[in-house]
1. Any idea how many residues of the stretch 251-279 are within 23 Å of residue 213 (Cα to Cα) and open to solvent by 80 Å² or more (accessible area, probe 1.4 Å)?
2. Given the criteria over 50 Å from the mean Cα position of the chain (by Cα), surrounded by fewer than 14 Cβ atoms within 10 Å (Cβ to Cβ) and touching a residue at least 12 places away in the same chain (Cβ under 8 Å), does residue 376 qualify?
3. For the stretch 191-250, which fully contained helices (runs of 4 or more DSSP H) count at least 3 residues that are open to solvent by less than 30 Å² (accessible area, probe 1.4 Å) and in contact with a strand residue (DSSP E or B) (Cβ under 8 Å, 6 or more places away or on another chain)?
4. Can you go through 105, 85 and tell me which one is farther than 26 Å from residue 27 by Cβ and either touching a His at 6+ places or on another chain (Cβ under 9 Å) or at pLDDT below 95 (or both)?
5. Which number in (1) more than 24 Å from residue 176 (Cβ to Cβ); (2) part of a helix (DSSP H, G or I) marks the one condition that residue 133 misses?
6. Do we find that residue 297 is touching a Lys or Arg at 6+ places or on another chain (Cβ under 9 Å) and open to solvent by less than 40 Å² (accessible area, probe 1.4 Å) in this structure?
7. Could you count how many residues in the stretch 316-354 are of a type outside the set (Ser, Thr, Tyr), part of a helix (DSSP H, G or I), open to solvent by 30 Å² or more (accessible area, probe 1.4 Å) and closer than 27 Å to residue 397 by Cα?
8. Within the stretch 154-180, track down each residue that is touching a Leu at 6+ places or on another chain (Cβ under 8 Å) and part of a helix (DSSP H, G or I).
Amino acid sequence: MLFASCIGNKNLQRKDIKLFDAEDQYILYALEHEKNRDFAFAKDLYLVLFEKTNRYEYLERFLIISMQLSKYEDVKKYSLKYMDEEDKSYEFILRFYTISLLKLEELDEALKSALKLLEVFNNSENYELVANIYFERQEYKKAEEYFESAYLSSINGATLTNLVDVLYSYLNKKEKAISYLETHIRLYGCEGGVCTKLFSFYQEQKNIDGIISVLKKAYFEYKNSGDFYSMNRTYKYLIAYLEQKNIDDAIKFLEKNDIDEYKLLSLYQKKDDKTKALELLNKLYKSSGNIDLLAQIAILEFETAKDKKKILKSVIQKFEDALIILDNHVYQNFLGYLLIDYNVDINKGIEYVKKALNKAPNNVAYIDSLAWGLYKKKQCKEAYINMKKVVDAIGLEEEEIKIHWNKIKECK
């Protein structure tokens, strides 16, 4: 589960004294083969270097590469062969020997070796190794004990995630696992994947408040550390859950943190807060010049106006300016209906509505606009045919539809 720390790169520290003539040449060859990703040949060169010099830094490099290549038999053979309790590399080599036994599923021998390692070198890394072996032996209570000791001696997030996995998934100590994570995050933050782990537990338990809490913690931690990729990824989850729980909470978060004005606009629109939406639209249009926003401004200006006739000319102008560039059937129908309903230019209004219908021929709102325009031109039969399509499709529950239908039925 967690041997990355054991097989990381280890810098060679060559001493000035050469123990055989070609030592420098062998080192250069080994480094060059590593650079070219020919690891199998590089590790053999390191073994030759060790056997000719007895310098354990070469043996360590050989063992690291062998482990990375999953050559566990080689790790087992040579770490056992050259293990020297008097050498400063003893802990490193005994650990690699133990890991090789674990990887080869020789679990009894691995446990003996790991307990010996822990007895001589009492540290969190070795506690964790013992815990992993107990985990592979499915002795989960023992695994918990040693993972806990490893965590308490290091307060390491990655170690904690392994502990809580055992607690949550294998010992059914879900509350204890969650409590561990909550406490660690409160004191030390999200390092080591602990926020992601707690998020997954909360998801499983459908704890929306918990999910939001941990996502907020992670978001601000990523923001403060400058990890903007993780911050943006976390933000998307956070806003989705805030919106799911309470759209007002999502709006407040976006307003306070000023991070995604277009998402904020969509939430204003979803909540039907036309006043705030219009205010934000004007701000966004001023900063971006996005012509689509101009058409949206026109819609909201009209819908929020107390005296619609007073702002009608300005709204029509905005739509006409936008439709010079845009070919949008929603805006075409909206402008067309205004021109018809307010008797500004009925023929031009019908032209705009027909453009909209070319793109969405079954849209009942557009058919209603056409029927109303035909009625205004006293083309009663055509108006009736079109309006009947609308009534047959959606009925007469909407007041405006009912008014249009009654007027058109009386048309002579």
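1. So the count comes out to 3.
2. no
3. Numbers: elements: 194-205, 208-225, 228-245.
In the stretch 191-250, no matching helices (runs of 4 or more DSSP H) lie anywhere.
4. Working: 105 fails: either touching a His at 6+ places or on another chain (Cβ under 9 Å) or at pLDDT below 95 (or both).
So the residue among 105, 85 that is farther than 26 Å from residue 27 by Cβ and either touching a His at 6+ places or on another chain (Cβ under 9 Å) or at pLDDT below 95 (or both) is 85.
5. Result: residue 133 passes all but (1).
6. Details: touching a Lys or Arg at 6+ places or on another chain (Cβ under 9 Å): yes; open to solvent by less than 40 Å² (accessible area, probe 1.4 Å): yes.
It is true that residue 297 is touching a Lys or Arg at 6+ places or on another chain (Cβ under 9 Å) and open to solvent by less than 40 Å² (accessible area, probe 1.4 Å).
7. So the answer is 6.
8. Matches in the stretch 154-180: 158, 159, 160, 162, 164, 174, 176, 177, 178, 180.
The values are calculated or read from the model by the stated rules, or taken from the named source; none is laboratory data. All values reported here derive from a predicted model rather than from experimental measurement. Glycine also receives a Cβ, built like all others from the backbone with ideal geometry; neighbour counts cover every protein chain displayed. Heads up: the accessible areas ignore ligands, DNA and RNA and are worked out on the full protein's heavy atoms, side chains in. Shrake-Rupley method; radii C 1.70, N 1.55, O 1.52, S 1.80 Å.
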